[in-house]
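Encoded as structure tokens, the structure appears first; notes follow it.
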Amino acid sequence: MMPVILVAVLVGGGMLAWLAGRWGRALPMVVSLAACGADAVLIALLWTGGYGRTAAAGGRWIAEFSAPWIPQFGITFHLAADGLSLIMAALTALIGIAAVLCSRKELRERHGFFHFNLLWSLAGIMGVFLAADLFLFYFFWELMLVPMYFLIGIWGHENRSRAAMKFFIYTQAGGLLMFIAILGLYFINGSDSGIYTFEYTALCATALKPVEARLLMAGFLAAFLVKLPALPFHTWLPDAHTEAPTAGSVVLAGLLLKTGAYGLLRFVIPLFPLAVAEFQDAAMAIGVAGILYGALLAFAQTDLKRMVAYTSVSHMGFVLTGVFSMNQLALQGVVIQIVCHAFSTGALFVLAGALQERLGSREMSSMGGFWHCAPRMGGMMLFFALASLGLPGLGNFIGEFLVLAGAWTVNPWIAAAGAVGFILSAVYSLFIIQKIFHGVPVQGCVFTDLGARETSVLGAMVIALFCIGLYPGPLMDAAAPALDRIRSVADAKITADASGSRNDPAREARGDR
């Protein structure tokens, strides 16, 4: 029941926060904090109490709930968590707490409805990470989209309507193509086995002809590469980040982008391993192109939030390169990069929002020389800029190093090109510090430094990046069984095809039809 409770707490908390908006602006935030905090506590209890026993017993899932939902179509309400899902669920709860806390001063109206949308978006994200039925996965994939549209469209900045619509069109189009691919997989599996089901484990065992695998993988990639985002499907991201409220930017950078990475790991590799192998070099090249392109475009920006948004395009290029390297070293790096990017870039958006709140502008041309009046803000910005450029000793370095080390075993030239991203990230990261906090003051310091609330949120992220950078073992150990299982399923399908299942009568019959 635990996976259901994790989603239900956020869904119920969102409805309660909406109602609580009638009694003031503070109560909805308290409800949201309580919901996210309760999930964080439950995940911690599940991690410490259930993970060791399940792993020792050789079980697939740490926690699981399954019940018939629409049985005539083979749809089950199946939520389950393994080590990978649990890491992502914990990240959802922690980033959710940060998003709630950083929204207190920025929010001016409709507090209850804002927290309703925030929590329902988090509920959709939590469901994506826990769904073990592909129809249910798609349901949660769409659920997280609509609340985020409202967060950007109602509480965003000057061009919020355009940014919200662009975000909705891109992600909805990709999601619909994925749903078509899910239906194709459903009917192919049913035709072969006689059992029509959306169950993850059953569909992973589906034998596919090469053409079928390529077409169906393209449908999944349409959703995941847009959400990641990968070049050239990234153009919605800078607009969405720039116009979103701070809490929306934190959730976008910390969680929504990670659903694309999670989908590549959880679904694309085990469902279509041969098609992945065929697309490997091209996907890794696209990932490296994103690393370099995002870094160059970040340096060219004058809007602080837009600059940070392009750094996400660059860092997610490491994730795409690592996923398609398809070896344990790179996949471990992907998981660490997912977590550390959520903290470092989420923190940069918190700081960008704090500056906009104090100055009324995101333009870096109106900033400069702020260190002497806001030393805590300057120190925090320096730390997270160093984390973003991959400073050894911090978590981002571990993730990016493992990705490039894994990619080197596949294609040394691509890994070498990706390493150039370290140099470019140093340029734009230090440019932020120089432009905003050093030099001749552009205007007098008329704003206050970070308060206790902002310092505590950012301080927790500092501790997390230090802990992962100095001791990544627990995170890697938690993810390892799930990643091993994903790779073993992919290897088994590749071996089956190589041993002659290419001539399977059921697939030949489908071809004849």
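The values are calculated or read from the model by the stated rules, or taken from the named source; none is laboratory data. In this text, all values refer to a predicted model and were calculated from it rather than measured experimentally. Because the Cβ atoms are built from the backbone with ideal geometry, glycine has one as well, and the counts that use them run over all protein chains shown.
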**Complete:** Here, helices (runs of 4 or more DSSP H) confined to region 238-318 with at least 2 residues that are closer than 30 Å to Cys36 by Cβ and β-branched (Val, Ile, Thr) are 246-251
**Prompt:** Could you give every pair whose Cβ atoms fall below 9 Å, whose first residue belongs to region 1-20 and is part of a loop (DSSP other than H, G, I, E, B), and whose second residue is at pLDDT 95 or above and of a type in the set (A, V, I, L, M), counting only separations of at least 6 or pairs across chains?
**Reply:** none
**Message:** Residues that are closer than 30 Å to Pro273 by Cα, modelled with pLDDT of 90 or more and touching a His at 6+ places or on another chain (Cβ under 8 Å): does region 192-202 have at least one?
**Reply:** yes
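Please state which one of Leu216, Leu176, Leu145 is in contact with a Leu (Cβ under 7 Å, 6 or more places away or on another chain) and more than 23 Å from Asp303 (Cα to Cα). Break it down stepwise before answering.
Working: Leu176 fails: in contact with a Leu (Cβ under 7 Å, 6 or more places away or on another chain); Leu145 fails: in contact with a Leu (Cβ under 7 Å, 6 or more places away or on another chain).
Leu216 is the lone residue from the list that is in contact with a Leu (Cβ under 7 Å, 6 or more places away or on another chain) and more than 23 Å from Asp303 (Cα to Cα).
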**Message:** Here is a list: Val268, Val323, Val276. Which entry is crowded, with 22+ Cβ neighbours inside 10 Å, under 25 Å from Phe349 (Cβ atoms) and touching a residue at least 12 places away in the same chain (Cβ under 8 Å)?
**Reply:** Val323
**Item:** Residue list for region 328-347, filter: within 11 Å of Val403 (Cα to Cα) and either among the small types (Gly, Ala, Ser) or under 14 Å from the mean Cα position of the chain (by Cα) (or both)
**Value:** Ala330, Gly333, Val334, Val335, Ile336, Gln337
**Residue that is surrounded by the fewest Cβ atoms within 10 Å (Cβ to Cβ), among those in region 394-432 that are of a type in the set (Phe, Trp, Tyr) and within 23 Å of the chain's Cα centre (by Cα)** = Phe422
**Request:** Determine if region 291-298 includes at least one residue that is over 29 Å from Ser103 (Cβ atoms) and buried (at least 24 other Cβ atoms within 10 Å of the Cβ).
**Result:** yes
**Request:** Could you please tell me which pairs satisfy a Cβ distance under 7 Å, a separation of 6+ or placement on different chains, a first residue in region 160-184 that is over 19 Å from Ala309 (Cα atoms), and a second residue that is of a type in the set (Asp, Glu) and in a helix (DSSP H, G or I)?
**Result:** Gly175/Glu142
**Asked** Are any residues in region 380-393 over 19 Å from Ala295 (Cα atoms) and crowded, with 23+ Cβ neighbours inside 10 Å, and if so, which ones?
**Response** Met380
**Message:** I'd like the residue in region 21-46 that is farther than 14 Å from Leu118 by Cβ and crowded, with 21+ Cβ neighbours inside 10 Å and, out of all such residues, is modelled with the highest pLDDT.
**Reply:** Ile43
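Give Thr246, Thr242 a once-over and let me know the one that is over 30 Å from Cys204 (Cβ atoms) and in contact with a Cys (Cβ under 6 Å, 6 or more places away or on another chain). Full working, then the answer.
Values: Thr242 fails: in contact with a Cys (Cβ under 6 Å, 6 or more places away or on another chain).
Just one listed residue meets the conditions, Thr246.
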**Prompt:** Which one of Leu79, Leu119 is in a strand (DSSP E or B) and of a type outside the set (S, T, N, Q)?
**Reply:** Leu79
**Complete set of residues in region 423-465 that are touching a helix residue (DSSP H, G or I) at 6+ places or on another chain (Cβ under 7 Å) and under 23 Å from Val403 (Cα atoms)** = Leu424, Ser425, Val427, Tyr428, Ser429, Met461, Val462, Ala464, Leu465
**Complete:** Matching residues in region 423-454 (touching a Leu at 6+ places or on another chain (Cβ under 7 Å) and without any contact (Cβ under 8 Å) to a residue 40 or more places away in the chain) number 1
**Request:** Filter region 216-264 for residues that are over 14 Å from the mean Cα position of the chain (by Cα) and over 22 Å from Lys305 (Cβ atoms) and give the result.
**Result:** Leu216, Met217, Ala218, Gly219, Phe220, Leu221, Ala222
**Complete:** If you go through Ile182, Ile169, Ile188, the only one that is part of a helix (DSSP H, G or I), surrounded by fewer than 24 Cβ atoms within 10 Å (Cβ to Cβ) and in contact with a helix residue (DSSP H, G or I) (Cβ under 6 Å, 6 or more places away or on another chain) is Ile182
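I'd like the full set of residues that are surrounded by fewer than 24 Cβ atoms within 10 Å (Cβ to Cβ), closer than 16 Å to Asp449 by Cα and either in contact (Cβ under 8 Å) with a residue 60 or more places away in the chain or touching a strand residue (DSSP E or B) at 6+ places or on another chain (Cβ under 8 Å) (or both), limited to region 357-379.
In the first step, residues of region 357-379 are kept if they are surrounded by fewer than 24 Cβ atoms within 10 Å (Cβ to Cβ); the result is 357-369, 371-376, 378-379.
From what's left, closer than 16 Å to Asp449 by Cα: 357-360, 367-369, 371-376, 378-379.
Passing the criteria: Glu357, Arg358, Leu359, Met367, Gly368, Gly369, Trp371, His372, Cys373, Ala374, Pro375, Arg376.
Quick check: is even one residue across region 120-131 within 14 Å of Val7 (Cα to Cα), at pLDDT 95 or above, over 15 Å from the mean Cα position of the chain (by Cα) and not aromatic (Phe, Trp, Tyr)?
If we filter region 120-131 for residues that are within 14 Å of Val7 (Cα to Cα), which is where we start, we get 120-131.
Still in the list and also at pLDDT 95 or above: 120-131.
If we keep only those that are over 15 Å from the mean Cα position of the chain (by Cα) as well, we get 120, 131.
After this cut, where a residue has to be not aromatic (Phe, Trp, Tyr) as well, the list is 131.
The answer is yes; a qualifying residue exists.
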**Prompt:** Can you name the residue in region 326-356 that is among the β-branched types (Val, Ile, Thr) and out of contact with any Cys (no Cβ under 6 Å at 6 or more places or on another chain) and, of all such residues, is farthest from Arg453 (Cα to Cα)?
**Reply:** Val334
